[in-house]
Amino acid sequence: MRFKALQNTDDMAKRIPKNQLPLDYSAHCDRIVLTLGQVESQEAAESLFNDLVAGNWLIEPAGEVADVSSAQDIIHTIGLKLPYPETVKVAQLHGMGDVFTGFSAVFRQKGWVFINAAADANERCYHTYLLTLSLGLSRTYPNQTSLAQRAEQLVFETLLSPKEVGSFFHDGVSRIPPYLAADIADFFKVPFPMVLKRALQLGIVTDEQYRNFMTVQPAQAGKPRELFIAPEGSMEDFEAQLFGEE
């Protein structure tokens, strides 16, 4: 989605009184902020948003199309003073298949985070935080690549503390079984590759360890275990808080 160029700034300055700040008209336009996933996902996101703007489907009130909730708890957890839209909501979209990942947008002056309800629970959590942050960072990072990179780094700082990440890895670790990878992902509520990326950035794992561990496909064990317990609750707690599920 392309933006219309603003008027010549010199012309605008001539018409704006000295005691009045120039208005950022682009802040009030319906627009996509950040799209995730491959080309197919980005195309699906743009098509969805264009249909939403055209009135071909409704996001409010919530219904069969999506589960909708406020993002205020997430913004509070992030804890940064960013220029978010006054209202930010999260919509888990149903019936999207495997292609669609998610996107953030401004629609009718509200911030929206759209994610795939069919995605893995840890992916939904990670994408929700990432796209929520994108709404608060978009004025500072207008380029989507730099916006995504900065949002990801802040998600890492929010959900993946160096101390906790370091507790799962050390120099002598050469193998991580699938069930352990699943436990690690569930502990942080983000996909396992994101934990590995954070560990590599922090220098907790080596390049060789990173390459080896990235081949692991997380999988739940056949019988219950109590290896890792997240002090702030489980993924079920996260989504129950967000969407009011029992």
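The values are calculated or read from the model by the stated rules, or taken from the named source; none is laboratory data. What you are looking at is a predicted structure, and each value in this text was computed from that prediction instead of being measured. For neighbour counting, all protein chains shown are included, and Cβ atoms are generated from backbone atoms with ideal geometry for every residue, glycine included. The protein model used for the area step is the full one, side chains on, heavy atoms only, and it has no ligands, DNA or RNA in it. Shrake-Rupley method; radii C 1.70, N 1.55, O 1.52, S 1.80 Å.
For region 46-149, run through the GluC sites (Glu not before Pro) and keep only the ones in DSSP coil with at most 10 other Cβ atoms within 10 Å of their Cβ.
E64, E86
Where the centroid of each part is defined by its Cα atoms, how far is region 155-201 from region 118-143 in Å?
Here the two parts' Cα centres lie 19 Å apart.
On the protein heavy atoms, probe 1.4 angstrom, tell me the percent of accessible surface of region 96-178 carried by carbon and sulfur.
The nonpolar share, carbon plus sulfur, comes to 46 percent.
Where does region 60-192 land on Rg(C-alpha)/(2.2 N^0.38 Å)?
Against the compact-globule rule of thumb, the ratio is 1.14.
Pairs K163/K189; K110/K163; K110/K197: which exceed 25 Å Cα-Cα?
Over 25 Å Cα-Cα: K110/K163; K110/K197.
Compute the distance in nm between two label points, each set 7 Å from the Cα along the Cα-to-Cβ direction, one at A121 and one at V39.
3.6
In nm, what is the difference between 0.36 nm times the number of residues separating E157 and L202 and their Cα-Cα distance?
That pair, E157 and L202, stretches by 15.1 nm at full extension.
Can you give me the accessible area per residue for region 119-189, using a 1.4 Å probe, in Å²?
43
Search the structure for amide H atoms under 5 Å from the amide H of G111, placed 1.01 Å from N in the peptide plane, and list their residues when 5 or more places away or on another chain.
T87, V88, K89
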